[in-house]
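Right, one structure below, let's go through it.
The values are calculated or read from the model by the stated rules, or taken from the named source; none is laboratory data. Worth saying up front: this structure is predicted, and the values here are computed from it rather than measured. Here the Cβ positions follow ideal geometry from the backbone for every residue, glycine too, while neighbour counts run over all protein chains shown.
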């Protein structure tokens, strides 16, 4: 029962953070729209430096991608009993496996929303000359967080 309560509470926390990320992204775009130049960075190299530019309307596309990810992953998370698991699901472990998979989808969703919000903030900062790039550690950090998330999920799921 403790794991069910933890999963439930952690799931609510992740959903709250995801929605806050969407709201922050909306506020960032609306608040900066008037001061943004017509051309902004739209792509970054592996070192985090802008290497391609495009119209500021691409920020709306970034928000649309964020919102689509939120809706799609929220929908997907409702069907954890339909996922393909690499281990046998039994009556004894089904509830745990489904709850863990649902939390994993929410965790990935939260990471994506925060990533898109950070990219929006960074694009605005670079466009208004408040910063010069994403930073050298951006790509390694994203890869590490993504990989670690998967490793932790597999470790926890394989225990039951």
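Filtering segment 62-82 to residues that are farther than 15 Å from residue 22 by Cβ and loosely packed, with under 15 Cβ neighbours inside 10 Å leaves 75, 78, 79, 81, 82.
The residues of segment 1-45 that are exposed (fewer than 11 other Cβ atoms within 10 Å of the Cβ) and at pLDDT below 95, listed by number, are 1, 2, 5, 9. Look at residue 116 and say whether it is in a helix (DSSP H, G or I) and buried (at least 16 other Cβ atoms within 10 Å of the Cβ). Spelling it out, residue 116 is indeed in a helix (DSSP H, G or I) and buried (at least 16 other Cβ atoms within 10 Å of the Cβ).
I need a count of the residues in segment 129-160 that are within 26 Å of residue 23 (Cβ to Cβ), touching a helix residue (DSSP H, G or I) at 6+ places or on another chain (Cβ under 6 Å) and touching a residue at least 60 places away in the same chain (Cβ under 8 Å). Number satisfying all stated conditions: 1.
Would you confirm whether any residue within segment 74-86 is under 21 Å from residue 32 (Cα atoms) and in contact (Cβ under 8 Å) with a residue 12 or more places away in the chain?
There is no residue in segment 74-86 that is under 21 Å from residue 32 (Cα atoms) and in contact (Cβ under 8 Å) with a residue 12 or more places away in the chain.
Condition check ((1) in a helix (DSSP H, G or I); (2) more than 30 Å from residue 33 (Cβ to Cβ); (3) in contact with a strand residue (DSSP E or B) (Cβ under 7 Å, 6 or more places away or on another chain)) across all residues:
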{"site": "124", "(1), (2), (3)": "yes, no, no"}
{"site": "131", "(1), (2), (3)": "no, no, no"}
{"site": "136", "(1), (2), (3)": "no, no, no"}
{"site": "142", "(1), (2), (3)": "yes, no, no"}
{"site": "145", "(1), (2), (3)": "yes, no, no"}
{"site": "148", "(1), (2), (3)": "yes, yes, no"}
{"site": "151", "(1), (2), (3)": "yes, yes, no"}
{"site": "156", "(1), (2), (3)": "yes, yes, no"}
{"site": "160", "(1), (2), (3)": "no, yes, no"}
